[in-house]
Every structure is written in structure tokens, then in C-alpha cells.
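Trainee: Take a look at this one; I'll ask things after.
No value in this document is a laboratory result; all are computed from the given coordinates. Nothing here was measured: the structure is a model prediction, and the numbers come from that model. Don't worry about glycine lacking a Cβ; one is built from the backbone with ideal geometry, like all the others, and counts go over all protein chains shown.
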Amino acid sequence: MYRINKAHPWHGISNGANTPEEVTVFIEIVPPDTVKYEIDKDSGYLKIDRPQQYSNVVPANYGFIPQTFCGANIARLAGRNSNRTVEKGDGDPLDILVLSEHHISHGDIILRAEPIGGFCLLDAGEADDKIIATLVGDKIYEQYKDISELPKSIVRRLQHYFLTYKNLPSEPGICEIAYIYGREQAHEVVLESIKDYADLITVMKSEK
């Protein structure tokens, strides 16, 4: 049977049959968008979050993995691996940046990607992991199976984006990268975010 109305990108789309080795991704922003779009959690439509600040433009296709959530499990993982006190996740789906040689003209699409690593980003102290992945079938980027294999210039560019994408001249940076991890730990982060999502749904159902 076909759907007769649009599925909610966060709740109504599977994260993929081969998760975590290969995941479904909902893309919100593509280069060179000068506006930061993000999903409206209530309606499922894309909304404008804010104009991108200054010259900071997203360096690759950016979105989230459906049916994931950065909650207590993600915070616990971040705290354990960084030896820091991380009290909670940022309360959003798990973010993912998908590398591809191909130009994707707009967001509001789904694609398949292979996680190869990630950044444990702390945003004002909250765990806000960023998974780094490659587009399935991309003949340039499919050779990279772990973030350690990427050219250092690409990794530095991704780091710079996440360290500065919320900065304003009048305010100090609020984001820091606690550590960088490879493919195996990226898989663990994806699975923990799926557990957090299941916990979130359980709480939501109990509140009805």
C-alpha cells in the first residue's frame, strides 16, 4: 500500500534496514545554502532556523537520521569517552553530514549514507554528535571507510564549520569538539541514539 499523505521525516521514515552500517538520511541543508533550514518537529515541514552567519556555509549535505534522538544515552556515551560531565543530549535527532562529489540542488530529500566517523560536539555543554558519512554509490567518496582515511583538509573544514556555525562577533564560541571518532564508534553512537528515540517515544506515549 502507498501512503496517501506525507510521512513525518523524523517519525515516519525508517532509519534503514542495514543500520548502523548504512543509514537513511533526511537532508535539510545543502551547499551553498545561505539560510539554515531545519525540520519543524510538529509539522514535519522544513522551516527557516536562521540565516547563516557571515561566510560560514555548510560544507556538505547536512541533515539527520530518522527515528533517532540525542538524549541520556548519547550524553552518557559522550561523558564516558571524554571524561567530562555531560548531563544531557541536545534533544534533537542525530545530525549527520554526508560527503559526495555530486551536487544536490536542495534539501527535503532522503538518501542512503555510510557512517565513517563523527565529532562529539558539545553545544553549551549538551551532547550534539555530528556523524560524518559518505553517499552510498558515490565513486569518489566510497573509497573512504573511516574518517581517519579522509584528507586532513576535509576534516579540518568540517571541524571549522561546527566550531563556528553559531558564533557571533559579540559572543564567544559555545561549541567545542570533545573528540573525533571513527567508523566503529559512529555505529555505536547511531545505535545509542536509536535507544534514546525509543525511550522518548515511550515517555510520549505515557504522557497521553
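Trainee: Using a Förster distance of 41 angstrom, determine the FRET efficiency expected from the C-beta separation of residue 148 and residue 202, and round it to 0.05. Let's see the in-between values first.
Mentor: Numbers: r = 37 Å, r/R0 = 0.89.
In this case the efficiency is close to 0.65.
Trainee: Hey, got a sec? Which GluC sites (Glu not before Pro) in the stretch 8-47 land in a DSSP loop and have at most 12 other Cβ atoms within 10 Å?
Mentor: Numbers: sites: 21, 22, 28, 38; in loops: 21, 22.
Within the stretch 8-47, the qualifying GluC sites (Glu not before Pro) (loop, at most 12 other Cβ atoms within 10 Å) are 21.
Trainee: In debye, nearest 20, what is the charge dipole magnitude of the stretch 23-206 about its Cα centre with +1 on Lys and Arg Cβ and -1 on Asp and Glu Cβ, if you could check?
Mentor: Values: 19 positive and 28 negative charges, 54 e Å.
That gives a dipole near 260 debye.
Trainee: What is the list of residues in the stretch 28-53 whose amide nitrogen lies under 19 Å from a point 7 angstrom out from the Cα of residue 166, following Cα to Cβ?
Mentor: Zone members listed by number: 28-29, 35-41, 47-53.
Trainee: Under the rule of at least 5 residues apart or a separate chain, name every residue whose amide H is placed under 5 Å from the amide H of residue 127.
Mentor: Sorted by chain and number, the residues that satisfy this are 88, 89, 90.
Trainee: Dipole of the stretch 25-76, Cα-centred, from +1 at each Lys and Arg C-beta and -1 at each Asp and Glu C-beta, to the nearest 20 debye?
Mentor: Details: 5 positive and 6 negative charges, 34 e Å.
Result for the stretch 25-76 is approximately 160 debye, rounded to the nearest 20.
Trainee: What net charge do the residues around residue 150 carry, taking every other residue with its C-beta under 15 Å from that of residue 150, with Lys and Arg at +1 and Asp and Glu at -1?
Mentor: Details: positive: 130, 145, 152, 156, 157, 183; negative: 101, 114, 138, 142, 146, 149.
It works out to a net charge of 0.
Trainee: Per DSSP helix of 4 or more residues, -39500 (n - 2.57); summed, then divided by the residues of the chain. What does that give at 222 nm, rounded to the nearest 500?
Mentor: Working: 3 runs with 48 residues, N = 208.
Per the formula, -7500 deg cm²/dmol.
Trainee: What is the stretch 23-206's relative contact order, in percent, from Cα pairs under 8 angstrom and six or more apart in sequence? List each step's numbers first, then the result.
Mentor: On the way: 388 pairs, mean separation 44.8, N = 184.
Answer for the stretch 23-206 is 24 percent.
Trainee: Running Debye on the stretch 50-208 with equal point scatterers at the Cα sites and no solvent, what base-10 log of I(q)/I(0) appears at q = 0.11, 0.16 Å⁻¹?
Mentor: Ignoring solvent entirely, the Cα scatterers give -0.44, -0.93.
Trainee: Continuing with the same structure: For the stretch 23-206, build the charge dipole from Cβ charges (+1 Lys, Arg; -1 Asp, Glu) around the Cα centre, then report which of 177, 77, 107 sits farthest towards its positive end.
Mentor: The listed residue farthest towards the positive side: 177.
Trainee: Kindly rank 134-140, 109-115, 39-45 from highest to lowest mean number of other beta carbons found within 10 Å of each residue.
Mentor: On the way: 134-140: 16.0, 109-115: 20.3, 39-45: 14.0.
Going from most to least packed, we get 109-115, 134-140, 39-45.
Trainee: Going down the list 88/205; 6/47; 36/208; 47/88; 47/152; 88/152, which pairs span over 28 Å between their C-alpha atoms? Could the numbers behind the result be given before it?
Mentor: Details: 88/205 21 Å; 6/47 16 Å; 36/208 33 Å; 47/88 25 Å; 47/152 33 Å; 88/152 30 Å.
Among 88/205; 6/47; 36/208; 47/88; 47/152; 88/152, the Cα-Cα distance tops 28 Å for 36/208; 47/152; 88/152.
Trainee: At 0.36 nm per residue, and after removing the present C-alpha to C-alpha distance, how many nm does the segment from residue 140 to residue 14 gain when stretched out fully? Kindly include the intermediate steps, with their values, before the conclusion.
Mentor: Numbers: separation 126, 0.36 × 126 = 45.36 nm, distance 2.67 nm.
Taking 0.36 nm per residue and subtracting the Cα distance, the gain is 42.7 nm.
Trainee: Sticking with this one: Quick check: pseudo-label points 7 Å beyond the Cα along Cα→Cβ at residue 45 and residue 106, how many nm apart are they?
Mentor: About 1.4 nm, to one decimal.
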